1. Would you kindly derive the ³J(HN,Hα) couplings of segment 154-160 from the backbone phi angles with the Karplus curve 6.51 cos²θ - 1.76 cosθ + 1.60 (θ = phi - 60°), listing them in order in whole Hz, with x for Gly and Pro?
2. For segment 351-421 and segment 144-174, compute the distance between their C-alpha centroids and round to whole Å.
3. Looking at (1) 29.5; (2) 22.5; (3) 26.0, which value of Kirkwood radius over Cα pairs in Å comes from a calculation on the structure shown?
4. Run the numbers for Glu99 and Ile256: contour at 0.36 nm per residue of separation, minus the present Cα-Cα distance, in nm.
5. If amide hydrogens are placed 1.01 Å from N in the peptide plane, which non-local residues have theirs closer than 5 Å to the one on Cys120?
6. Along segment 80-96, what does the Karplus equation 6.51 cos²θ - 1.76 cosθ + 1.60 (θ = phi - 60°) give for ³J(HN,Hα), rounded to whole Hz, x for Gly and Pro?
7. Antiparallel versus total DSSP beta bridges in the chain: what percent is that, nearest 5?
8. Residues with amide H under 5 Å of Ile164's amide H, sequence separation 5 or more or different chain, H placed in the peptide plane at 1.01 Å from N; which?
Amino acid sequence: MDTWRQVEVAACEELGELLGPGNGPTAAELEAIRGATFTVEAVNERERVTDHDMAAFVDVLGGSAGEAGRWIHFGLTSSDVLDTALALQLRAAGKVILEGAFSLVAALHGRAREHAASLCVGRTHGVHAEPTTFGVKLAGFAFEAHRNALRLERAFAQASVGAISGAVGTYAATNPDFEARVLARLGLQREDVSTQVVARDRHAELLGAIALAGAGMERFATEIRHLQRTEVGEVQEPFAAGQKGSSAMPHKRNPIRSEQISGLARVLRGNALAGLENVALWHERDISHSSVERVILPDSTILLDYLQHRTRGLVEGMTVDTARMRENLELTHGALFSQRVLLALVEAGMSRDDAYRVVQELAQRAWQEGTPLRGLVGQDERLEALHLDLDAIFDYDYYVRHAQEIIDRLDGLLARLDDIA
């Protein structure tokens with residue numbers, strides 16, 4: 001309601017230019033309008049009579065200004081005030097959210113640097129694939145968070161537009177110059193064609209960007225949830241002194257933050273769908289969007305801000321067990337070197353299909369029998385004549401020789417982060 005008041009006052013301040021010399025509110029009346037007040041309780045009480053929130057607000061605000069109150073809402077329609085005020089709210093919320101979004105990028109950036117050389121297994125379909133580093137994994141999350149921050153920045157900017165165009169957007173009671181001057185006072189851009197409302201594709205785009213940011217945090221949280229499983233044990237969420245993981249089982253340390261992030265991201269996606277449903281209004285305007293937005297816009301912005309802080313705390317506080325990561329690399333007894341063996345056989349002259357079948361057989365034996373693949377390759381009579389360099393083939397460093405180069409791509413994020421700071 002305070003943003004409604006800001007719009008009403010700004011409009012009154014430009015009435016002199018609209019109505020011409022000697023018309024419009026006097027200097028004394030403008031002072032009375034600027035000093036006009038309201039209480040939520042008074043507006044709610046008045047709304048029980050008017051059954052119209054903006055009409056109730058105008059009655060209360062105008063009444064507090066005395067005779068000068070007659071100028072409040074002059075030439076305006078409800079959506080002029082509501083949508084322009086919403087732009088002010090979204091702009092203010094955006095500043096808070098963007099600070100949190102870029103701080104999350106910075107947190108991921110820092111931990112990616114810290115673990116640039118922390119060797120671990122990469123997984124596809126949940127199954128061991130080939131070695132990588134935990135820093136490379138985190139770098140991917142950092143770049144995704146950066147893209148989400150930029151998306152949010154663009155989405156808030158395009159949604160923070162106002163309209164003072166009248167009943168069906170034709171300026172019948174005012175004119176475009178009046179709109180431009182009022183919006184300039186508020187520091188807002190204009191909706192080019194507002195019909196009566198600002199087009200709701202703008203808000204749908206914002207809610208989509210918010211949902212995408214939530215999905216990115218959920219992807220990170222899902223990774224942590226898996227890595228904290230007892231059978232994996234590579235990463236642990238922060239666990240405070242005195243914290244209890246279970247009311248029944250004292251040994252429990254559950255990934256509750258990650259699960260909360262995963263769950264609440266679903267709410268953001270649901271709200272984004274509601275935002276899409278709000279785009280199609282009847283003719284110049286109906287209010288089927290209004291009641292929905294009173295839930296989804298505050299809920300989504302507040303929830304995103306909360307999730308960003310929650311995720312940043314998870315990033316900064318998680319415990320990384322690099323020794324367990326090295327242990328887990330050995331779970332397949334070297335089967336994850338299968339591609340290196342395959343390529344070595346092809347280079348030595350064997351057909352790819354024949355090489356694939358040999359390596360597939362040996363890798364499965366290594367995994368199932370618990371016999372190191374290196375030994376099986378070295379003892380296989382079919383491969384003796386190839387004189388393979390097993391030291392070169394079975395070398396973890398080969399897989400991560402470009403890891404630092406990948407991590408160094410994070411340098412491109414630093415300038416943008418410095419600009420935001």
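1. 5, 5, 5, 4, 6, 8, 8
2. 50
3. Evaluating Kirkwood radius over Cα pairs in Å on these atoms matches (3).
4. Working: separation 157, 0.36 × 157 = 56.52 nm, distance 2.49 nm.
Contour length minus the Cα-Cα distance gives 54.0 nm.
5. So Cys120 has HN proximity to Thr132, Thr133, Phe134.
6. In residue order, the calculated couplings are 3, 6, 4, 6, 5, 5, 4, 4, 5, 5, 5, 4, 5, 5, x, 4, 5 Hz.
7. Details: 7 of 10 bridges.
Around 70 percent of the beta bridges assigned by DSSP in the chain are antiparallel ones.
8. none
Readers should treat all values here as calculations from the given coordinates under stated rules, not as data from a laboratory. Just so it is clear, the model here is predicted, and its values are computed rather than measured.
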